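Chemist: Take this structure first; my questions come after.
Read-outs: derived from the displayed coordinates by stated rules, not from any lab. For clarity, every value in this text was computed on a predicted model and none was experimentally measured. Virtual Cβ from ideal backbone geometry, glycine too; neighbours counted across all protein chains shown.
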Amino acid sequence: MHFDGEVMRIFQSAGLAEKIGNVARASSRGMHFVNGEGRTLMVRRGIDGPGPHGWAGNWYFHQPILEAVLREGLKRFANVRVHLGHEVASVDDLDARYVVGCDGARSLVRQAIGSRHVDLGLHQPWLVVDLLCDPTSARVKALPDYTVQLCDPARPMTVVNVGGARRRWEIMLMPGDDPARLTEPGIFWPMMARWLGPEDAKLERAAVYTFHSVVQQGWRSGRLLLAGDACHQTPPFLGQGMCAGMRDAANLAWKLLAVIKGDAPDSLLDTYESERLPHVRTFIDLAVKLGAVLQETDRNAAAARDRRFEAGAEMFDFPQPQLGPGCRQEAPPPVGTIFPQPRLADGLLMDEAIGQRFAILGEAELLDGLRADAVLLADVGRDWLERHEVRAVVLRPDRYIHAVARDRRELVAATLELARTFASGCSRPSRP
Ligand SMILES: Cc1cc2nc3c(=O)[nH]c(=O)nc-3n(C[C@H](O)[C@H](O)[C@H](O)COP(=O)(O)OP(=O)(O)OC[C@H]3O[C@@H](n4cnc5c(N)ncnc54)[C@H](O)[C@@H]3O)c2cc1C
């Protein structure tokens with residue numbers, strides 16, 4: 001249902017932002033955690049207008065429509081073959097240089113790699129239903145436009161405005177529930193009484209999912225790699241599971257390209273897990289903490305929880321974690337975090353001016369005469385540089401910050417180090 005502004009920027013890098021923007025709903029609203037009496041406990045803030053990534057901060061979509069745009073987009077590449085309705089039975093004796101297993105939570109490629117499963121503790125079944133709502137109904141019109149996490153110990157729920165007539169309810173299963181019978185009208189509509197009745201909406205689709213919090217250690221073995229739910233699963237309380245998989249793809253894509261073209265040695269791929277795993281853990285750990293707030297079903301514990309927020313709602317944002325150790329300067333943030341996407345003086349978004357390359361942004365004086373295999377952009381991101389008290393920044397093709405420099409000497413050192421990295425490869429990082 002949801003992706004964030006950074007993921008829209010990844011779609012932009014795939015040349016699909018406009019098409020996806022046409023089928024997804026941009027929202028400036030956030031996510032409200034509300035108790036059983038309707039009092040707001042916590043708010044994940046929304047963002048007004050284009051956010052730091054140059055796009056709205058939150059987007060809502062219907063999965064089959066988004067997938068259709070992605071599949072259509074693949075047709076632009078004559079070298080891509082799509083085999084729908086085929087099952088991979090084993091991976092061995094490969095012809096391919098690399099295989100990326102994006103084969104979900106039960107990944108076969110993961111089994112071939114033999115990754116280590118780390119259970120982060122949350123496993124809970126929820127009923128997920130999509131409703132097509134009558135736009136003329138007064139009760140539908142009164143539904144909130146922001147996402148609601150209803151922290152009612154009697155029955156936790158999530159309510160999302162997907163877009164158009166479609167709204168999503170996620171309803172936690174409680175002891176004594178018979179999952180097979182929950183959508184029977186006599187059981188379903190009483191659970192929905194707070195929001196809608198059968199005269200307001202039609203049930204389009206329903207399924208029970210068990211939400212998991214799991215990471216794998218070992219995302220690579222030789223030519224096999226993993227991405228997405230194959231190597232991490234988060235409960236969807238932040239709408240960030242697919243987003244994490246998209247970030248995996250963005251991290252891996254430029255590295256695979258560099259290795260396949262012979263610009264970097266194969267060891268560059270060892271930086272993929274070391275960078276991504278701590279990043280995705282931050283999101284999963286937060287989703288698990290939010291799950292503890294939302295999924296509290298003990299009335300006394302819920303009342304104690306509510307008292308913690310008596311002074312007012314707690315506000316928070318999506319985390320912006322630093323990548324783990326890998327192919328970047330070993331330095332504290334902002335190194336290893338994603339750089340924003342400003343609009344340039346000629347109206348282009350920054351990434352359009354850079355393409356799939358390294359880039360160096362900084363004061364014109366510092367960049368003058370600099371020799372580096374990167375796009376040089378003078379006087380771009382000036383506010384950001386000032387705020388971080390640096391005079392230049394080196395960006396990777398995925399726009400994460402490779403290095404920062406406070407003077408010309410540091411900048412030259414960073415570019416030399418980059419050239420060495422690509423001549424000799426990043427050293428194998430220690431496991432975070
Ligand atoms: C209720 C719910 C709500 C969610 N909401 C959000 C949200 O709002 N935002 C968000 O970012 N994330 C959300 N997520 C998480 C998101 O759905 C997943 O993180 C995402 O789908 C993972 O994508 P994936 O491609 O890695 O794996 P999957 O979506 O599981 O895809 C794997 C694919 O591989 C195929 N496959 C597997 N094995 C084989 C084989 N042997 N041969 C051939 N094909 C194979 C499968 O059929 C499947 O098509 C939600 C999840 C749930 C359950």
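Chemist: Separation of segment 262-302 and segment 1-69 by C-alpha centroid, Å?
Modeler: 19 Å
Chemist: Could you give each residue of segment 55-61 its phi-based ³J(HN,Hα) in whole Hz, using Karplus coefficients 6.51, -1.76, 1.60 with θ = phi - 60°, and x for Gly or Pro?
Modeler: 3J(HN,Hα) across segment 55-61, in whole Hz: 10, 3, x, 9, 10, 10, 8.
Chemist: Still on this structure: Please name whichever of Leu84, Pro319, Ile360 sits farthest to the positive end of the charge dipole of the chain, dipole taken about the Cα centre and charges placed at Cβ: Lys and Arg +1, Asp and Glu -1.
Modeler: Leu84
Chemist: Calculate how steeply helix 63-74 sits against the longest principal axis of the alpha-carbon atoms of the chain, using the helix alpha-carbon long axis, and give the answer as 0 to 90 degrees to the nearest 10.
Modeler: 30 degrees
Chemist: Taking only Cα atoms, what is the 0 to 90° angle, nearest 10, from helix 408-424's long axis to the longest principal axis of the chain?
Modeler: Compared with the principal axis, the helix lies near 80 degrees.
Chemist: Further question: For Lys261, give me every one of the lysines with a C-alpha distance below 26 angstrom, ignoring sequence neighbours fewer than eight places off in its own chain.
Modeler: Lys75
Chemist: Please report, in whole Å, how far the alpha carbons of segment 322-432 spread along each principal axis, starting with the longest.
Modeler: 42, 26, 26
Chemist: In addition: Name the GluC sites (Glu not before Pro) in segment 328-398 that are in a loop by DSSP and that have at most 10 other C-beta atoms within 10 Å, would you?
Modeler: The qualifying sites are Glu330, Glu389.
Chemist: Could you tell me what a quarter of the Cα convex hull surface of the chain works out to, in nm² with one decimal place?
Modeler: 23.4 nm²
Chemist: Out of residues 5 or more away from Val208 or on other chains, whose amide H comes under 5 Å of its own, with H placed 1.01 Å from N in the peptide plane?
Modeler: Val128
Chemist: Need one number: the % of Cα-Cα pairs in segment 162-209 sitting beyond the 15 Å mark.
Modeler: 46 percent
Chemist: If you don't mind, there's one more thing I want to ask. Which of the lysines could be linked to Lys202 by a straight reach, that is with a Cα gap under 27 Å, when you skip same-chain ones fewer than 8 residues away?
Modeler: Lys141
Chemist: Now a separate question. Within segment 59-111, report the chymotrypsin sites (Phe, Trp or Tyr not before Pro) that DSSP leaves as loop and that have at most 11 other Cβ atoms within 10 Å.
Modeler: In loop regions of segment 59-111 (DSSP not H, G, I, E or B), the sparsely surrounded chymotrypsin sites (Phe, Trp or Tyr not before Pro) are Phe77.
Chemist: Follow-up. Would you pull out the residues with amide H under 5 Å of Ser213's amide H, same chain only if 5 or more places away, H placed 1.01 Å from N?
Modeler: Leu120, Gly121, Leu122
Chemist: Name the trypsin sites (Lys or Arg not before Pro) in segment 91-169 that are in a loop by DSSP and that have at most 15 other C-beta atoms within 10 Å, would you?
Modeler: Those satisfying the criteria are Arg97, Arg106.
Chemist: Enumerate the amide H contacts of Leu323 below 5 Å, restricted to partners 5 or more residues apart or on another chain; note that Pro and chain-start residues carry no placed amide H.
Modeler: The list, which skips near neighbours in sequence, is Thr337.
Chemist: Then there's this: Once every DSSP H run of n ≥ 4 in the chain is given -39500 (n - 2.57) and the sum is divided by its residues, what mean residue ellipticity at 222 nm do you get, rounded to the nearest 500 deg cm²/dmol?
Modeler: About -9000 deg cm²/dmol.
Chemist: Roughly what angle does helix 299-308 make with the longest principal axis of the chain, taking Cα atoms, 0 to 90 degrees, to the nearest 10?
Modeler: 50 degrees
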